[in-house]
1. Which of the pairs Lys10/Lys69; Lys10/Lys133; Lys30/Lys121; Lys4/Lys43 have their Cα atoms more than 29 Å apart in this structure?
2. Is there a quick way to get the dipole size of the chain? I mean about its Cα centre, with the Cβ of Lys and Arg at +1 and of Asp and Glu at -1; what is the value in debye to the nearest 20?
3. Once the piece of chain linking Lys50 and Val77 is laid out straight, how much longer is it, given 0.36 nm per residue of separation minus the C-alpha distance between them?
4. If you place +1 on the Cβ of every Lys and Arg, -1 on the Cβ of every Asp and Glu, and leave all else neutral, what size is the dipole of the range 76-136 about its Cα centre, to the nearest 20 Debye?
5. In whole Hz, with x marking every Gly and Pro, tabulate ³J(HN,Hα) for the range 48-60 from phi via Karplus 6.51 cos²θ - 1.76 cosθ + 1.60, θ = phi - 60°.
6. Extent of the chain along each principal axis, from alpha carbon coordinates, in Å, largest to smallest?
7. Report, to the nearest whole %, how much of the accessible area of the range 1-106 belongs to carbon and sulfur atoms, 1.4 Å probe, protein only.
8. Give, in nm to one decimal, the length gained when the segment between Leu23 and Glu36 is fully stretched (0.36 nm per residue of separation minus the Cα-Cα distance).
Amino acid sequence: MNKKLSNRTKARIEAVNIIYESLITGNDIKEILTSERFNNIDKFTFDLVKGVDDNYSMLVELIESALTKYHFDRLNVIDQAINLVACYELSLKSLPKEIIINEALVISGIYTKTESDDTVKFNNRLLDNVSKKLGL
């Protein structure tokens, strides 16, 4: 990727990575956050991860409600993590939905190294559906 990532984008990527690690390993997020690797974690990253952890069930239900003929557990794990972070931010309603969705799509593009943009398009539709459900 040619463009320089903002500090907020880097923080979101780190949050996605922590949540991804938790989903893959089954380790508790609090356990991951207390490991030495995250001694100097950015406050924004910490708040995102904690928010996803505290609201996990609600976020999965929100994502499920926005999927058509699909279930959360069928999403690949990195997309689960990306969408959990984005849906948490959307639920806060503190930033315009366009910024949050765009950030999620940038992160999707980083992790999707295929000729096709199918994953990015899928996540865009999903997050657009979520934002409508939230009245944004």
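The values are calculated or read from the model by the stated rules, or taken from the named source; none is laboratory data. Being a predicted model, the structure only gives us computed values, none of them experimental. Here the Cβ positions follow ideal geometry from the backbone for every residue, glycine too, while neighbour counts run over all protein chains shown. Side chains included, ligands, DNA and RNA excluded: accessible areas come from the protein's heavy atoms. Shrake-Rupley method; radii C 1.70, N 1.55, O 1.52, S 1.80 Å.
1. Exceeds cut-off: Lys10/Lys69; Lys30/Lys121.
2. 460
3. 7.9 nm
4. Computed charge dipole of the range 76-136: roughly 260 debye.
5. So the Karplus estimates, Gly and Pro as x, are 5, 5, 4, x, 5, 4, 5, 10, 3, 4, 5, 5, 4 Hz.
6. If we take the Cα atoms of the chain, the spans are 40, 36, 29 Å.
7. 50
8. 2.8 nm
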